[in-house]
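Worksheet: one structure, shown below.
The values are calculated or read from the model by the stated rules, or taken from the named source; none is laboratory data. All values reported here derive from a predicted model rather than from experimental measurement. Here the Cβ positions follow ideal geometry from the backbone for every residue, glycine too, while neighbour counts run over all protein chains shown. Accessible surface is based on the protein model in full, side chains and every heavy atom, while ligands, DNA and RNA are left aside. Shrake-Rupley method; radii C 1.70, N 1.55, O 1.52, S 1.80 Å.
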Amino acid sequence: MSAPTALRDSVRRTVKRPMTVLVTALMVVFAVVMVAPYAFMAVSAFKPQGEIFATPLRFFPRQFTFESFSALFSLLPYARWYFNTLLVAVLGTALTLTISSMAGFAFSKYEFRYKSLLFTLVLGTVLVPFQVLLVPQFQIVRLLGGFNSYWALVIPVAANAFAVFLMRQYTLSVPDELLDAARVDGVGEFGLWWRIVVPLVRPGLAVVATITFLAYWNDFFWPLIVTTEPDMFLVNLGIASLIGPFESQYGVLLAGALLASLPLIVVFLFFQRHIIEGLTAGATK
């Protein structure tokens with residue numbers, strides 16, 4: 001290695017080290033700022049009611065207690081809310097996966113009239129705010145008698161344009177020759193989708209499943225519209241109903257919020273690698 005080259009490498013390393021330290025420090029600060037509120041909520045759920053807003057404010061309680069969790073399950077139908085949310089999220093995710101994968105298969109592997117126009121219209125729905133569709137969907141659910149029903153919580157938001165687009169991009173990578181060979185062997189169109197396409201696009205399905213599950217679990221606005229009976233509340237709506245104009249049991253609220261967030265954390269930690277890899281691969285297909 002010549003002297004000028006060695007000098008340039010030395011200068012680059014010297015400049016790169018402070019930048020690396022600076023970027024790392026900024027990332028640590030951002031992480032602390034984002035995690036601190038959740039950490040305070042998690043710890044405060046174990047505080048007595050009178051200690052949550054005590055002055056001076058303490059991060060850790062003087063004595064850990066499970067009073068808030070006991071009140072959450074004894075005074076409220078929280079277990080039913082949790083079951084409702086889990087059922088709606090699982091059914092909605094399964095339905096979205098089915099619709100998006102089938103639609104992606106059709107848009108990528110079949111030729112039919114107005115195919116480009118229809119796909120453009122599907123993508124165009126991404127630009128339409130949900131609030132614009134609220135009144136028509138509300139009228140449809142009302143006419144069908146769907147208030148306080150599970151199908152009203154699942155079906156109206158099951159068709160997702162982003163999921164269709166992502167599955168179409170993944171299905172484009174499936175070789176046409178493989179599908180033609182399966183047709184020669186007598187495999188029907190449904191068998192092509194189920195036995196060949198679905199196994200080959202599993203990374204995309206993992207991304208759609210994770211995003212859809214999080215969306216159903218975090219949904220608040222639509223359940224607020226179509227559910228009026230407390231036994232049909234989802235967990236987010238149930239927790240919000242505990243906030244009164246005169247008095248609120250903040251310990252119970254924090255305990256409910258902590259338990260409601262745990263499935264999201266587990267799902268994200270388990271599928272985060274699939275989300276990053278799947279989105280990156282889908283963007284390059």
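Observations on the model:
- Failed condition for Ser241, given (1) free of Cβ contacts under 8 Å to residues at least 12 places away in the same chain; (2) small (Gly, Ala, Ser); (3) buried (at least 20 other Cβ atoms within 10 Å of the Cβ): (3)
- Answer residue from the range 1-35, given it is charged (D, E, K, R) and open to solvent by 80 Å² or more (accessible area, probe 1.4 Å) and is modelled with the highest pLDDT among those: Arg17
- Inter-residue pairs, beta-carbon under 6 Å, first of a type in the set (D, E, K, R) and in the range 169-183, second open to solvent by 50 Å² or more (accessible area, probe 1.4 Å), 6+ apart: none
- Residue match in the range 197-218 (condition: closer than 23 Å to Val43 by Cα, at pLDDT below 90 and open to solvent by less than 20 Å² (accessible area, probe 1.4 Å)): no
- Residue selected from the range 250-273 under the condition open to solvent by 60 Å² or more (accessible area, probe 1.4 Å) and of a type outside the set (Phe, Trp, Tyr), by the criterion modelled with the highest pLDDT: Leu262
- Single residue of the range 96-122 satisfying the filter (touching a residue at least 24 places away in the same chain (Cβ under 8 Å) and open to solvent by 60 Å² or more (accessible area, probe 1.4 Å)) that is farthest from the chain's Cα centre (by Cα): Met102
- Screening the range 165-269 for helices (runs of 4 or more DSSP H) wholly inside it with 1 or more residues that are under 22 Å from the mean Cα position of the chain (by Cα) returns the ranges 202-218, 221-226, 235-241.
- Close pairs from the range 124-149: first in a loop (DSSP other than H, G, I, E, B), partner modelled with pLDDT of 85 or more and loosely packed, with under 10 Cβ neighbours inside 10 Å, Cβ under 8 Å, at least 6 apart: Asn148/Glu229
- Subset of the range 36-59 (residues that are modelled with pLDDT of 85 or more and surrounded by fewer than 11 Cβ atoms within 10 Å (Cβ to Cβ)): Pro37
- Picking from residues in the range 123-163 that are under 27 Å from Val90 (Cβ atoms) and polar (S, T, N, Q), the one that is most open to solvent (accessible area, probe 1.4 Å) is Gln131.
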